[in-house]
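Visitor: Have a look at this one.
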Amino acid sequence: MYVKVTLDDAYSLCGVTLETGESPWDYPRELKILGSVDGEEWTEIPYTTIDNDEYTFAPVKCRYLKLEVGAAERTDWSIYELSLFTMVE
């Protein structure tokens, strides 16, 4: 299961927030974050998180972002709002 985000252009992203609203325990288990400039070749982005809703990583240029749930026992998750963070260039 995954959520794919398509941006209007390529940006240097450095983080994503997944607001779980009234479902704080529905965060993605074993989350993989993948980025792509062309939508064809994907690169896994290593990240850090301390609260399972804000994920930060070294700046990476991408137009497409894929948030993919791993093979965890529990694969359901809720996203009430999604925010992306960019580097000011």
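Visitor: In segment 15-37, how many are of a type in the set (Ser, Thr, Tyr) and assigned to a loop (DSSP other than H, G, I, E, B)?
Guide: Of the residues in segment 15-37, 3 are of a type in the set (Ser, Thr, Tyr) and assigned to a loop (DSSP other than H, G, I, E, B).
Visitor: Another question, if that's okay. Select from segment 38-73 the residues that are among the hydrophobic types (A, V, I, L, M, F, W, C) and outside any loop (DSSP other than H, G, I, E, B) and write down the one among them that is farthest from residue 2 (Cα to Cα).
Guide: The selected residue is 58.
Visitor: Conditions first: (1) surrounded by 11 or more Cβ atoms within 10 Å (Cβ to Cβ); (2) assigned to a loop (DSSP other than H, G, I, E, B); (3) among the β-branched types (Val, Ile, Thr). Residue 3 passes all but one, so which condition is the exception?
Guide: (2)
Visitor: Would you confirm whether any residue within segment 29-42 is under 10 Å from the mean Cα position of the chain (by Cα), open to solvent by 50 Å² or more (accessible area, probe 1.4 Å) and not acidic (Asp, Glu)?
Guide: Checked segment 29-42: at least one residue is under 10 Å from the mean Cα position of the chain (by Cα), open to solvent by 50 Å² or more (accessible area, probe 1.4 Å) and not acidic (Asp, Glu).
Visitor: Out of the residues in segment 50-81 that are touching an Asp or Glu at 6+ places or on another chain (Cβ under 6 Å) and modelled with pLDDT of 85 or more, state the one that is least open to solvent (accessible area, probe 1.4 Å).
Guide: Only one residue fits best here, namely 81.
Visitor: Same structure again: Given the conditions (1) open to solvent by less than 80 Å² (accessible area, probe 1.4 Å); (2) at pLDDT below 90, and given that residue 47 satisfies all but one, which numbered condition is not satisfied?
Guide: (2)
Visitor: Let me ask another. State all residues of segment 6-21 that are over 14 Å from residue 37 (Cβ atoms) and either surrounded by 14 or more Cβ atoms within 10 Å (Cβ to Cβ) or hydrophobic (A, V, I, L, M, F, W, C) (or both); if no residue qualifies, say none.
Guide: Scanning segment 6-21 gives 14, 15, 16, 17, 18, 19, 20.
The values are calculated or read from the model by the stated rules, or taken from the named source; none is laboratory data. Owing to the predicted nature of the structure, the values given are computational and were not obtained by experimental measurement. Every residue, glycine as well, gets a Cβ built from its backbone with ideal geometry; the counts of neighbours run over all protein chains shown. Calculation scope for accessible area: heavy atoms of the full protein, side chains included, ligands and nucleic acids excluded. Shrake-Rupley method; radii C 1.70, N 1.55, O 1.52, S 1.80 Å.
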